[in-house]
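Below: the structure, in structure tokens.
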Amino acid sequence: MSGSTARLGRIAILWRGDEAARSSATPDTSRFKAVFAALTDVGVDAEPVVYEDEVLEAVRAQLATFDGVLVWVNPIHKGRNRANLDALLRQVAARGVWVSAHPDVILKMGTKEVLHRTRTMSWGSDTALYRTAEAMRVELPARLAAGPRVIKRNRGNGGQGVWKVETLAGPRNRPMVRVLDATKDASEELALEQFLEQCVEYFEDGCVIDQPFQARLSEGVVRCYMAGDRCAGFGHQKVSALVDAPAARAEAGPRLYTFNADPRFQRLRRLMEDEWTPQLASLLGIPCRDLPMIWDADFLLGPPGADGTDSYVLGELNVSSVFPIPDEASAEIARRVADRLRSKL
């Protein structure tokens, strides 16, 4: 497809935006300018493509002229989902344009169901999956009796549809719970039946996931950024989402990014590169070369081992729109894109 023998190929970088964003998008002014620059450095020509459902056909025509497309679009944004875009990307990929992340890979990796499918891995926990509202109504009370749980809708971002739930003393005929929405600052008390009713709409996404609450959440979340099967950096953040204690919430701050050789996270890096990513790809049936050019795994600290070593519990995989990213991740993305293009030459 590329018209230049001196360059490896042409890549589109696609994100969502309105007509004003579409008409003014340039590599130098976009938030992905470091990725554009890194691609240029390795011999890849990259151009912006700004998507919205209203210009789907125009975007289809644009993408047909590229060798590949890197996609940064959240599953939910201002009331809109990715249904139309994903259908377009499947069609484009079927015609020979390489797409990362491909919508089918996102469905395997980027939904909360992956927490249940990988629960037997050493990053897993006592994770339940409910396919129906009735199953949740029957099974959740017994799990709550053992301690607080975290309920998650299958698809979402920014904490949408994520709740910490714990039982409260109340009449046997009307069990009560305290629930904390991950997007809110304060919890509320309500009847368990009322909470279950609120969750009914989540089953439109196929299922609801239920995990044990991790007591060390207030110590922070470690995000491991991956480019394919290699670590591209880390982020550490003290979070307020699902944290009850005001003092712990007050410590919350921005994510602090660091390079992949940071000594604090080398055990986690080895686990991700040597053990967990190969296991994940095998369990989900994803060829290594089809792993997204950029994705990340959010880890909570689990109970320390007998030797005091921290354990890690997977809280989420992010695939659809991983950004911002550590500084060095752009170069790692570019190297992998170049390798992919070379494999097609």
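The values are calculated or read from the model by the stated rules, or taken from the named source; none is laboratory data. Quick caveat, the model's predicted, so the values are computed rather than measured. Cβ coordinates were reconstructed from backbone atoms using ideal geometry, including for glycine residues, and neighbour counts include every protein chain displayed. Accessible surface areas use protein heavy atoms only, side chains included; no ligands, DNA or RNA. Shrake-Rupley method; radii C 1.70, N 1.55, O 1.52, S 1.80 Å.
Below are the figures for this structure:
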{"read-out": "Positions within the range 26-62 being assigned to a loop (DSSP other than H, G, I, E, B) and either among the basic types (K, R) or closer than 26 Å to K344 by Cβ (or both), in sequence order", "value": "P27, S30, R31, F32, V42, G43"}
{"read-out": "Residues of the range 126-139 classified as touching a helix residue (DSSP H, G or I) at 6+ places or on another chain (Cβ under 9 Å), more than 21 Å from V319 (Cα to Cα) and either open to solvent by less than 40 Å² (accessible area, probe 1.4 Å) or not in a loop (DSSP other than H, G, I, E, B) (or both), total", "value": "5"}
{"read-out": "Candidates T120, T65 - the one that is assigned to a loop (DSSP other than H, G, I, E, B), open to solvent by 10 Å² or more (accessible area, probe 1.4 Å), modelled with pLDDT of 95 or more and more than 28 Å from E332 (Cβ to Cβ)", "value": "T120"}
{"read-out": "Which numbered condition Y51 misses (of (1) open to solvent by 30 Å² or more (accessible area, probe 1.4 Å); (2) without any contact (Cβ under 8 Å) to a residue 60 or more places away in the chain)", "value": "(1)"}
{"read-out": "Long-range neighbours under 7 Å by Cβ, at least six apart or interchain, first residue touching a residue at least 12 places away in the same chain (Cβ under 8 Å) within the range 118-146, second polar (S, T, N, Q)", "value": "M121/Q279; G124/T118; S125/Q211; T127/Q211; L144/T167; A145/T167"}
{"read-out": "Test: residue in the range 281-290 that is open to solvent by less than 30 Å² (accessible area, probe 1.4 Å) and in contact with a Phe, Trp or Tyr (Cβ under 6 Å, 6 or more places away or on another chain)", "value": "no"}
{"read-out": "Residue among P303, P324 that is within 22 Å of H236 (Cβ to Cβ), of a type outside the set (S, T, N, Q) and at pLDDT below 95", "value": "P303"}
{"read-out": "M109 being open to solvent by less than 20 Å² (accessible area, probe 1.4 Å), modelled with pLDDT of 95 or more and under 18 Å from the mean Cα position of the chain (by Cα)", "value": "yes"}
{"read-out": "Those residues of the range 68-117 which are in a loop (DSSP other than H, G, I, E, B), at negative phi and not hydrophobic (A, V, I, L, M, F, W, C), in sequence order", "value": "N74, P75, R82, R95, H102, G110, T111, K112"}
